[in-house]
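Read the figures in this text as sums done on the coordinates, not as results from a lab. Here the structure is a predicted model, which is why all the values come from computation and not from measurement. Quick reminder, even Gly has a Cβ in these numbers, built from the backbone with ideal geometry, and neighbours come from all protein chains shown.
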Amino acid sequence: MLTRKQHELLVFIDRHLKQTGFSPSFEEMKEALQLKSKSGIHRLISALEERGFLARRHHRARALEVVRLPENLAMAEPTPPAPGFSPNVIRGDFTGRLPGVRAAHDAAAVQLPMYGRIAAGLPIEALRDTSSEIDVPMALLGNGEHYALEVAGDSMIEAGILDGDTVIIRKGETAENGQIVVALVDENEVTLKRLRRRANSIALEPCNVRHETRIFPADRVKVQGRLVALLRRY
């Protein structure tokens, strides 16, 4: 029999996986269960593993798999979506030739500029390679201008964003608290992080317990777009 917190965590992980296709971050799990520290989440996950309800997929960083559910959970009423960003993951290979228009082989796709591999040291404009483009399903895009970036590193793995993934960014200078954004720091360093505003400061949070949150005065950080979708090749 599960404890109340173990049951709550299993429900949260199961629904997050069904809604997003990837595991929730430890921070999201901590907030959902209203715990004070991530160590409590680690203990709950270990207990659920020992009881055969959860398993870690070791070939995926921080990824969890629900092995089985309690019988009463299978009959539970649906609940609202899990909080936080839920990127659409599209599996496949997108190629094309006609810039700025729908791809001939897929009438529901458009081409976006591929700005290159996002890494510290350059503003986003300097990353752009005008010769490189990628086809993206129109269903992933809303209003506004978009561009694509290849992710470098593991700082966002607990948000389901892995090294080598392609992220689709809606260009803009504003974002809501908690959204994942492309941020320009001190006019020369660009990074993909979760945005948190704290009084007159901005915190750029990684989604990996091995990386530290960086806090800057608000005037040192400029938002250059926010994450709207994710593409991955298998």
Using 0.36 nm per residue of separation minus the Cα-Cα distance, give me the extension gain between SER132 and ARG196 in nm, one decimal.
19.8 nm
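How high is the FRET efficiency between HIS211 and ALA108 when r is their beta carbon distance and R₀ equals 41 Å, given to the nearest 0.05? Provide the component values of the computation, followed by the final result.
Details: r = 37 Å, r/R0 = 0.89.
So the FRET efficiency works out to roughly 0.65.
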Can you pull the percent of Cα pairs in the range 129-224 with separation above 22 Å?
30
The local net charge around HIS146, scoring Lys/Arg +1 and Asp/Glu -1 for residues other than HIS146 whose Cβ lies under 10 Å from its Cβ, equals +1
GLU145 paired with ARG220, simple spin-label distance in nm, labels 7 Å along Cα-to-beta-carbon
2.8
To the nearest 0.05, what FRET efficiency results for GLU176 and ALA152 with a Förster distance of 22 Å applied to their C-beta separation?
0.30
